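Participant: Below is a structure I'd like to ask you about.
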Amino acid sequence: MKRRVALFFGSFNPIHIGHLALANHIAEFGGVDEVRFVVSPQNPFKQNKSLMDDVLRVEWVKRAVEGYARFGVTDIELSMPKPSYTSATLERLSQLEPETEFVLVMGGDNLPTFGGWRRYDWIMEHYPILVYPRLDGPTEIPSEWGRYMTLLEGAPRIEVSSTFIRNAILADKDVRYFLPLSIWEDVAREVKKKMR
């Protein structure tokens, strides 16, 4: 039986308690053996001038997940052509690990634009998709995609964002409990250095 690895894509700019709680839920209740954080360089649908250094973001994710055997981290997208596309990353990971069954983790807020993703139909045909509901997005999977996607019932909805954390830091707010304490000081210092 193949090992099932859920791929949680994101900029993690920085990683925070919302990311970690959701990933923990998927690892324990999502029918997978591992949740792997895929640190992305730049979302092709977003222009983010406040994106922190790639190496820093990878390091922060590694430090945040340390000690929990069901979490992993990959920086594979950082060495791939830009912009990064989910389909290309899935294909590359499957070539590198043919004995692994990869599962795509996707936020419900991506459902309205999923049909515009590069090779979205190929993704559905080849990879199971776990959809986590967001307060700012649809809570139902379109019927035509129902056999390819599973809604993560009971997944935590922690409405905190990396943007909120960066803005709070810039406003000199102490938001240390919104992200792992192991990275708080580094994140606060780097955000102030880059964005002030």
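Participant: Does Ser50 fit the bill of being touching a residue at least 40 places away in the same chain (Cβ under 8 Å), of a type in the set (Ser, Thr, Tyr) and either in contact with a His (Cβ under 8 Å, 6 or more places away or on another chain) or crowded, with 21+ Cβ neighbours inside 10 Å (or both)?
Facilitator: No.
Participant: Same structure, new question: Picking from Ala23, Ala6, which residue would you name as being of a type in the set (A, V, I, L, M), part of a helix (DSSP H, G or I) and within 12 Å of the chain's Cα centre (by Cα)?
Facilitator: Ala23
Participant: Taking the range 20-43 only, how many residues are without any contact (Cβ under 8 Å) to a residue 40 or more places away in the chain and open to solvent by 10 Å² or more (accessible area, probe 1.4 Å)?
Facilitator: Within the range 20-43, residues that are without any contact (Cβ under 8 Å) to a residue 40 or more places away in the chain and open to solvent by 10 Å² or more (accessible area, probe 1.4 Å) number 4.
Participant: Hey, another quick one. Take the residues in the range 78-91 that are in contact (Cβ under 8 Å) with a residue 40 or more places away in the chain and farther than 16 Å from Ala6 by Cα; name whichever of them is least open to solvent (accessible area, probe 1.4 Å).
Facilitator: Of everything passing the filter in the range 78-91, Ser84 is least open to solvent (accessible area, probe 1.4 Å).
Participant: Would you be able to tell me the number of residues in the range 174-196 that are open to solvent by less than 60 Å² (accessible area, probe 1.4 Å) and either under 25 Å from Leu135 (Cα atoms) or acidic (Asp, Glu) (or both)?
Facilitator: The qualifying residues number 5.
Participant: How many residues are among the aliphatic types (A, V, I, L, M), open to solvent by less than 70 Å² (accessible area, probe 1.4 Å) and out of contact with any Gly (no Cβ under 9 Å at 6 or more places or on another chain) when one looks only at the range 62-77?
Facilitator: 3
Participant: Take the residues in the range 92-134 that are among the small types (Gly, Ala, Ser) and open to solvent by less than 20 Å² (accessible area, probe 1.4 Å), then tell me which one is farthest from the chain's Cα centre (by Cα).
Facilitator: Once the filter is applied, the top-ranked residue is Gly108.
Participant: Hey, among Ala27, Ala6, Ala23, Ala64, which residue is more than 20 Å from Arg134 (Cβ to Cβ) and among the aliphatic types (A, V, I, L, M)?
Facilitator: Step by step, each of Ala27, Ala6, Ala23, Ala64 is checked, and only Ala64 is more than 20 Å from Arg134 (Cβ to Cβ) and among the aliphatic types (A, V, I, L, M).
Participant: Still on this structure, please answer the following. What single numbered condition from (1) more than 14 Å from Asp109 (Cβ to Cβ); (2) surrounded by 15 or more Cβ atoms within 10 Å (Cβ to Cβ) fails to hold for Ala171?
Facilitator: The number of the failed condition is (2).
Participant: Among the residues of the range 146-165, write down those that are surrounded by 13 or more Cβ atoms within 10 Å (Cβ to Cβ) and polar (S, T, N, Q).
Facilitator: If the condition is that a residue be surrounded by 13 or more Cβ atoms within 10 Å (Cβ to Cβ) and polar (S, T, N, Q), then Thr150, Ser161, Ser162 are the ones that fit.
The values are calculated or read from the model by the stated rules, or taken from the named source; none is laboratory data. Worth saying up front: this structure is predicted, and the values here are computed from it rather than measured. Glycine also receives a Cβ, built like all others from the backbone with ideal geometry; neighbour counts cover every protein chain displayed. Areas reflect the complete protein model, heavy atoms only, side chains present, ligands, DNA and RNA absent. Shrake-Rupley method; radii C 1.70, N 1.55, O 1.52, S 1.80 Å.
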